[in-house]
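Peer 1: A single structure is presented below for examination.
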Amino acid sequence: MTTKTRFAPSPTGFLHVGGARTALYSWLQARANNGEFVLRIEDTDIERSTQAACDAILEGMNWLGLTWDEGPYYQTKRFDRYNEIIAQMLEKGTAYKCYCSRERIDALRESQAANGEAQKYDGCCRDLPARETDEPFVVRFKNPIGGSVVFDDHVRGRIEFSNEALDDLIIARTDGVPTYNFCVVVDDWDMGITCVVRGEDHINNTPRQINILKALGAPIPEYAHVSMILGDDGAKLSKRHGAVSVMQYRDDGYLPEALLNYLVRLGWSHGDQEIFSLEEMKQFFKLSDINKAASAFNTDKLVWLNQHYIKSLDPEYVATHLQWHMDDQKIDLSNGPALAEVVTALAERAKTLKELAASSRYFYEDFAEFDEAQAKKHLRGVALEPLQLVQQKLSALTEWTAEAIHQAIEDTATELDVGMGKVGMPLRVAVTGAGQSPGLDITLFLIGRSRSEQRISKAIEFVADRINS
Ligand code: GLU
């Protein structure tokens, strides 16, 4: 049988890292087994679901590259189907109409609570003969009496729930709207889901859903309930720990490869390997290797992975992601080097693409002023001669290559009988405005000849003014 998994977010907010990890595990389970992956939007809670949240979830999934083979399905578009099944269940007697008033249910709960009993529906309407009436009703599922529901969870092992503890679940409300757990059952059945991967907060729904599936004569999927993600202080991961939205990670300068690699390892392992390409994830992923314990988010490790991918992925590819940050930081690329060359030059120094973008501005735009502290330190009287000589040598070059530039700087230092730093630092501040950059040869090369020459002239004027003032 072909493996078919799904990710079924409720569109009540953005795609957060916990959801993304569940989606990734579910997606990998499909991809690792040559199966199919379904995206289903669980929007039955009309009050809390928004179009903006749907869009945000799709945007997050797309950015991560978690492609789906079917969907997105929307539960709100499937009400006819749910109602059809409810009618069939009423017909077959696996569900019944319950006319109990709110007052009766409340009183029942109160007395159960007072007696220290579990609060559940007492089955008052369960065996009523069909009646002709206009009274409002809900539809309840006839949960089996006695026995238990057992399933082998891929993450948590064997789990057993006694039917005694399960209510006759409401599957349609008084207004006829089918309830959440019921929609999930019909969807998983109709969509042919063979394996449900979801958060552990749904464990209590599983026995109810299995009972309904059985009543429908539907196959029971396998289940894997994934534990929570905690912040580095051990509390449930939330906004106060920093970014929790997947798209915030894009905005903060992370590559999807880094976030995916980070998330896959957050609660799953394959030996002691830390770095996984998508191909390796697909090759090695097994639900049974998911860790039962909650995992703690560690931003330092994510940063480390991000640096790894910025350095090791194809610069042309990294540039496609860097482009977003250049646009975001309003750096106009029309007048400067190809972005991939900037990636190559700066990859070693950047932790994030956001930083990389910010530190590449001088390749594309002139700066108004030299960094004050750097200028104070390096654009002093002693810098005048080295700057003038290097300017002369650079303008004499017949070709503007990194090698030729390197030679010009070296010759300047030799001729003046000073260390490379005495030439290099003033030159760096002159052409970049700041005290840090990649190697000067590649930096000047990428800045370009005329721009470099203009900036050196400006620095010479700056030093000269300083001497005269
Ligand atoms: N819609 C549920 C959620 O967002 C997931 C339900 C499921 O995977 O069965 O938590």
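Rule-based calculations on the coordinates, nothing more; no lab input. The model shown is predicted, which means the values in this text are computed figures rather than measured ones. Glycine also receives a Cβ, built like all others from the backbone with ideal geometry; neighbour counts cover every protein chain displayed.
Peer 1: Hand me the trypsin sites (Lys or Arg not before Pro) from the range 1-88 located in a DSSP loop with no more than 16 other Cβ atoms within 10 Å, in residue order please.
Peer 2: Answer in residue order: ARG48.
Peer 1: Charges on Cβ only, +1 for Lys and Arg, -1 for Asp and Glu, centred on the Cα centroid of the range 1-104; of GLY60, VAL38, CYS100, which one is farthest towards the dipole's positive end?
Peer 2: It is CYS100.
Peer 1: Let me ask something else. Around LEU230, which amide H atoms from residues at least 5 apart in sequence, or from another chain, sit under 5 Å from its own amide H, with H modelled in the peptide plane?
Peer 2: LEU237, SER295, ALA296, PHE297
Peer 1: Can you compute the charge dipole magnitude of the chain about its Cα centre, using +1 on each Lys and Arg Cβ and -1 on each Asp and Glu Cβ, nothing else charged? Give it in debye, rounded to the nearest 20.
Peer 2: Details: 51 positive and 69 negative charges, 133 e Å.
Computed about the Cα centre, the dipole is about 640 debye.
Peer 1: In the chain, what cysteines have no partner Cβ closer than 4.7 Å?
Peer 2: Isolated Cys, the chain: CYS54, CYS100, CYS124, CYS183, CYS195.
Peer 1: Taking the DSSP beta bridges in the chain as the whole, what percent of them are antiparallel, to the nearest 5?
Peer 2: Working: 16 of 32 bridges.
Here the antiparallel bridges make up roughly 50 percent for the chain.
Peer 1: Tell me what the chain gives for mean residue ellipticity at 222 nm when only DSSP H runs of n ≥ 4 count, each as -39,500 (n - 2.57), the sum divided by the residue total, rounded to 500 deg cm²/dmol.
Peer 2: The per-residue figure over the chain is -14500 deg cm²/dmol.
Peer 1: Still on this structure, I have one more. Compute the angle between helix 17-32 and the longest alpha-carbon principal axis of the chain, please, reported from 0 to 90 degrees and rounded to the nearest 10.
Peer 2: In the chain, helix 17-32 runs at an angle near 80 degrees to the longest axis.
Peer 1: Would you please classify the overall shape of the range 104-198 from the alpha carbon gyration tensor, given that a ≥ b ≥ c denote the square roots of the eigenvalues, rounded means a/c under 1.5, and beyond that prolate means a/b larger than b/c while oblate covers the rest?
Peer 2: It is oblate, given that a/c is not under 1.5 and a/b is not larger than b/c.
Peer 1: Another question about this same structure. Find which of VAL150, PRO178, LEU440 sits farthest along the positive direction of the dipole of the chain, computed with +1 on the beta-carbon of Lys and Arg, -1 on that of Asp and Glu, about the Cα centre.
Peer 2: Looking along the dipole axis, the top candidate is VAL150.
Peer 1: Give me a comma-separated list of calculated 3J(HN,Hα) values for the range 127-139, in order, Karplus coefficients 6.51, -1.76, 1.60 applied at θ = phi - 60°, integers in Hz, x for any Gly or Pro.
Peer 2: In residue order, the calculated couplings are 10, 5, x, 4, 10, 8, 7, 9, 4, x, 8, 10, 9 Hz.
Peer 1: Report, in debye and to the nearest 20, how large the dipole of the range 212-263 comes out about its Cα centre when Lys and Arg carry +1 and Asp and Glu carry -1 on their Cβ. Provide the component values of the computation, followed by the final result.
Peer 2: Details: 5 positive and 6 negative charges, 57 e Å.
Once rounded to the nearest 20, the dipole reads 280 debye.
Peer 1: Place +1 on the Cβ of every Lys and Arg and -1 on the Cβ of every Asp and Glu in the chain, take the dipole about the Cα centre, and give the residue among ALA383, THR299, LEU230 whose Cα lies farthest towards its positive end.
Peer 2: LEU230
Peer 1: Which of the pairs LYS239/LYS351; LYS311/LYS458; LYS120/LYS214 have their Cα atoms more than 28 Å apart in this structure?
Peer 2: Exceeds cut-off: LYS311/LYS458.
Peer 1: Another question about this same structure. Under a point-charge model restricted to the Cβ atoms of Lys and Arg (+1) and Asp and Glu (-1), what is the dipole moment magnitude of the range 1-155 relative to its Cα centre, in debye to the nearest 20?
Peer 2: Magnitude of the dipole: close to 280 debye.
Peer 1: Further question on the same structure: Counting other beta carbons within 10 Å of each Cβ, put ASP187, ASP411, ASP371 in order, fewest first.
Peer 2: In order of increasing Cβ crowding within 10 Å: ASP411, ASP371, ASP187.
Peer 1: Now for a separate question. Is the range 32-75 best put as rounded, prolate or oblate by its Cα gyration tensor, with a ≥ b ≥ c the root eigenvalues, rounded for a/c under 1.5, and otherwise prolate when a/b is larger than b/c, oblate when not? Could you put the intermediate results ahead of the total?
Peer 2: On the way: a/c = 3.58, a/b = 1.67, b/c = 2.14.
Oblate, because a/c is 1.5 or more while a/b does not exceed b/c.
Peer 1: Which cross-chain or sequence-distant (5 or more) residues have an amide H under 5 Å from the amide H of LYS142, H modelled 1.01 Å from N in plane?
Peer 2: ALA95, TYR96
Peer 1: Order by neighbour count: LEU169, LEU213, fewest other Cβ atoms within 10 Å first, most last.
Peer 2: Final ranking by Cβ density, sparse to dense: LEU213, LEU169.
Peer 1: Could you tell me how many degrees, from 0 to 90 and to the nearest 10, lie between the Cα long axis of helix 102-114 and the main elongation axis, the longest principal axis, of the Cα atoms of the chain?
Peer 2: So the helix axis and the longest Cα principal axis differ by about 80 degrees.
Peer 1: Which residues' amide hydrogens lie under 5 Å from the amide hydrogen of VAL196, considering only partners 5 or more residues apart or on another chain, with H built in the peptide plane?
Peer 2: Residues meeting the criterion, in which the H sits 1.01 Å from N, are GLU222, TYR223, ALA224.
Peer 1: By per-residue mean of other Cβ atoms within 10 Å, what is the highest-first order of 54-62, 22-30? If you can, show how the numbers build up before the last one.
Peer 2: On the way: 54-62: 18.6, 22-30: 25.6.
Packing order, densest peptide first, comes out as 22-30, 54-62.
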